[in-house]
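Structure first, then comments.
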Amino acid sequence: MKYSKQEIMQYVQEEDVKFIRLAFCDVFGRQKNISIMPQELPRAFEYGIAFDASSIAGFGDETHSDLLLHPETETLIQLPWRPEHGRVVRMFSSITYPDGSPFECDTRNLLKKAVAHAAALQYRFSFGAEQEFYLFHLDQNGKPTKIPYDNAGYMDIAPDDRGENIRREICLTLEQMGIRPESSHHEEGPGQNEIDFRYSDAVAAADNALTFRTVAKTVAHRNGLAADFTPKPLSDQPGNGFHINVSVNTSTHGANPMDVLNPMIAGILKKVNEMTIFLNPTPNSYQRFGSHKAPQYISWSNENRSQLIRIPAAEGEYRRAELRSPDPASNPYLAFALIIYAGLYGIENKLQLPKAADYNLYKADGTILSQLGQLPTNLHTARQLALNSTFVKEHIPSAILDIYCNTNRPSDGNTESADSCKLPIT
């Protein structure tokens, strides 16, 4: 909903709001925030709120480290798990330098640019996210273990499925926040769950994906559990996918939806290897590929879940493509932006879809598999593909590309300790 700045200040006063969280994320998609008191809200709207960028992974060092957060009024949400008296609300924020110029590592702004670019070409992309996560027990010190909350399987029900009430609480909490989950169920792995979301515009879908992770972790912890979104929490069990459903519409008069959907898919297939480092950014990501319905080859098909891209059974406005390689370690703003640009590449160049791979890739013989391209098998290969990609360099700022592809980054997948980009000395 669109709010004016004055309406938000009035809401804060009338609804006993005591803390306003200004939220953003680092380049790896980890949500951050700073809380301000109501009396600071006019200053936040007019000038922004300064924070120390040198302490945020990928944002800079101690030299000229100040950045400013500017709350965006349309993203106002009350956090329902906080007290009724002395309420807490959250707004996502854009990030600028002190002189007002945009910060190049603000990935939310990069997605906005991609959306605007598509709109200028008369295309509108919609996204729906499906994120998987494990529920693990905590130890006696409150630390996460690798002991699953249950031993249920795909779409099992209670009492075998012990996550049912947790998913219910997550969905109801999201609904209170104005976010609409579409469905939820137990996944294949022990203690593994999935919650899917309805289609929305790209920025809202990315905001919701980030919010969902926070809500899931909060609800799980409140119930004495840990929600684990890492790509492969258990080596012998299914990994966690971040399946991205995408559709495209055009305002061009008389255009057939399939005239843009097919070349969009072709564009994603063409560019997926080059952008995989942003869809699968940790070493753990590559342990997931090639097993338990996680893709390994560059292919597409209708309905077939062994493929990189499948076109689910749906008609009309629900016709879409599902990209199955990304995982929840990815930054949704970067992932969605690159998908938009890859889709536009296919549309603008009128790419043709290759022949559908209408067979089970997990059971196909070597002759068939040798005819298909393959996703990167490790982080090093994915980095090199991005570094050598004109497409990636055209759409991803050099500072972010350097952060993701810096070979000095840790090999354990802990992006929090990764090398930061340096803010320019002015």
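The values are calculated or read from the model by the stated rules, or taken from the named source; none is laboratory data. Note that the structure is predicted; figures quoted are calculated from it, not measured. Glycine gets a Cβ as well: all are built from the backbone with ideal geometry, and neighbour counts include every protein chain shown. For accessibility, only protein heavy atoms count, side chains too; no ligands or nucleic acids. Shrake-Rupley method; radii C 1.70, N 1.55, O 1.52, S 1.80 Å.
Listed residues D26, D52, D66, D99; which is acidic (D, E) and buried (at least 17 other Cβ atoms within 10 Å of the Cβ)?
Working: D52 fails: buried (at least 17 other Cβ atoms within 10 Å of the Cβ); D66 fails: buried (at least 17 other Cβ atoms within 10 Å of the Cβ); D99 fails: buried (at least 17 other Cβ atoms within 10 Å of the Cβ).
Answer to the check: D26.
Check whether at least one residue in the range 47-58 is at pLDDT 95 or above, closer than 25 Å to P83 by Cβ and not β-branched (V, I, T), and report yes or no.
No, the range 47-58 has no match at all.
Residues in the range 1-23 that are touching a Gly at 6+ places or on another chain (Cβ under 7 Å) and either crowded, with 20+ Cβ neighbours inside 10 Å or outside any loop (DSSP other than H, G, I, E, B) (or both): how many? Steps first, please.
So the first thing to find is which residues in the range 1-23 are touching a Gly at 6+ places or on another chain (Cβ under 7 Å), and the list is 16, 18.
This time we only want the ones that are either crowded, with 20+ Cβ neighbours inside 10 Å or outside any loop (DSSP other than H, G, I, E, B) (or both), so: 18.
Summing the residues that are touching a Gly at 6+ places or on another chain (Cβ under 7 Å) and either crowded, with 20+ Cβ neighbours inside 10 Å or outside any loop (DSSP other than H, G, I, E, B) (or both) in the range 1-23 gives 1.
Does T214 meet the test of being assigned to a loop (DSSP other than H, G, I, E, B), of a type outside the set (F, W, Y) and open to solvent by 40 Å² or more (accessible area, probe 1.4 Å)? Break it down into steps so the answer makes sense when it comes.
Working: assigned to a loop (DSSP other than H, G, I, E, B): no; of a type outside the set (F, W, Y): yes; open to solvent by 40 Å² or more (accessible area, probe 1.4 Å): yes.
Answer is no for this residue.
Does T276 qualify as being within 15 Å of the chain's Cα centre (by Cα) and open to solvent by 40 Å² or more (accessible area, probe 1.4 Å)? Let's see the steps before the verdict.
Values: within 15 Å of the chain's Cα centre (by Cα): yes; open to solvent by 40 Å² or more (accessible area, probe 1.4 Å): no.
So T276 fails the test.
Within the range 338-353, identify whether any single residue is assigned to a loop (DSSP other than H, G, I, E, B), in contact with a Gly (Cβ under 9 Å, 6 or more places away or on another chain) and surrounded by 20 or more Cβ atoms within 10 Å (Cβ to Cβ), and answer yes or no.
No; the residues of the range 338-353 include none that is assigned to a loop (DSSP other than H, G, I, E, B), in contact with a Gly (Cβ under 9 Å, 6 or more places away or on another chain) and surrounded by 20 or more Cβ atoms within 10 Å (Cβ to Cβ).
Residues in the range 172-202 that are farther than 19 Å from N240 by Cα and either open to solvent by less than 30 Å² (accessible area, probe 1.4 Å) or under 18 Å from the mean Cα position of the chain (by Cα) (or both): how many? Explain how you work it out, then say what you get.
Filtering the range 172-202 for residues farther than 19 Å from N240 by Cα gives 172-180, 198-202.
Still in the running and either open to solvent by less than 30 Å² (accessible area, probe 1.4 Å) or under 18 Å from the mean Cα position of the chain (by Cα) (or both): 173-174, 177, 179-180, 198-202.
Total meeting the criteria: 10.
Just a yes or no: is a residue in the range 131-142 among the hydroxyl-bearing types (S, T, Y) and loosely packed, with under 13 Cβ neighbours inside 10 Å?
At the first step, the residues of the range 131-142 found to be among the hydroxyl-bearing types (S, T, Y) are 134.
Narrowing the set further to residues that are loosely packed, with under 13 Cβ neighbours inside 10 Å leaves none.
Checked the range 131-142: no residue is among the hydroxyl-bearing types (S, T, Y) and loosely packed, with under 13 Cβ neighbours inside 10 Å.
Check P231 against each of (1) open to solvent by less than 20 Å² (accessible area, probe 1.4 Å); (2) under 29 Å from I400 (Cα atoms); (3) out of contact with any Gly (no Cβ under 6 Å at 6 or more places or on another chain) and name the one condition it does not meet.
(3)
Any idea how many residues of the range 175-227 are in contact with a Pro (Cβ under 6 Å, 6 or more places away or on another chain) and among the acidic types (D, E)?
The qualifying residues number 1.
Looking at the range 289-310, which of its residues are open to solvent by 10 Å² or more (accessible area, probe 1.4 Å), at pLDDT 90 or above and not in a loop (DSSP other than H, G, I, E, B)?
Residues satisfying the conditions are Y297, I298, W300, R310.
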